[in-house]
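Below is one structure, written out as structure tokens; comments come after it.
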Amino acid sequence: MPLCAIRCIDLSSRKCIYILFGELMNFPSRRRGSLVISVAIVKAAKKGVKKTHLLSSVSLSYEQLIRYIEFLKALGFIKEYNTLYQATDKGLQLIEEFESSSLIRNVVST
């Protein structure tokens with residue numbers, strides 16, 4: 001195997017194991033959790049945004065975004081005004097709690 005060769009062994013697990021320089025190395029998953037995605041959507045909707053702006057700012061597929069929007073609306077974190085989505089007071093409180101809680105940040109980052 002050439003010195004700089006990288007080969008992926010297992011793509012099905014949350015961590016992908018690579019062979020690099022003949023050694024096994026674990027790389028953390030780049031997948032975001034639903035809490036991180038939900039907070040990102042509420043953050044983007046702080047001042048009111050259209051669906052297309054939300055779509056590009058949180059990097060989700062259209063179907064995924066629709067599911068998250070419906071979920072967040074049902075819980076009262078965002079509201080829909082005509083074509084705009086805006087964070088509610090409850091949504092702003094979620095952002096504040098998420099950013100101020102070191103426990104949540106530690107759990108989400110692992």
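Quick note: the coordinates plus some simple rules give every number you see, no bench work behind them. Predicted model, so just to flag it, every value in this text is computed and none were measured. Note that we place each Cβ from the backbone using ideal geometry, even for glycine, and neighbour counts take in every protein chain shown.
Provide the FRET efficiency to the nearest 0.05 for the Arg31-Asn82 pair, computing r from the beta carbons and using R0 = 30 Å.
Plugging the Cβ-Cβ distance into 1/(1 + (r/R0)^6) gives 0.35.
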Check your understanding: By how many nm would the segment from Gln64 to Lys46 grow when fully extended, if each residue of separation counts as 0.36 nm and the alpha-carbon distance is taken off?
Key -> 4.5 nm
Point to revise | Binned Cα-Cα distance frequencies in segment 34-109 - 5 Å width, integer % | key: 3, 17, 30, 25, 16, 7, 2, 0
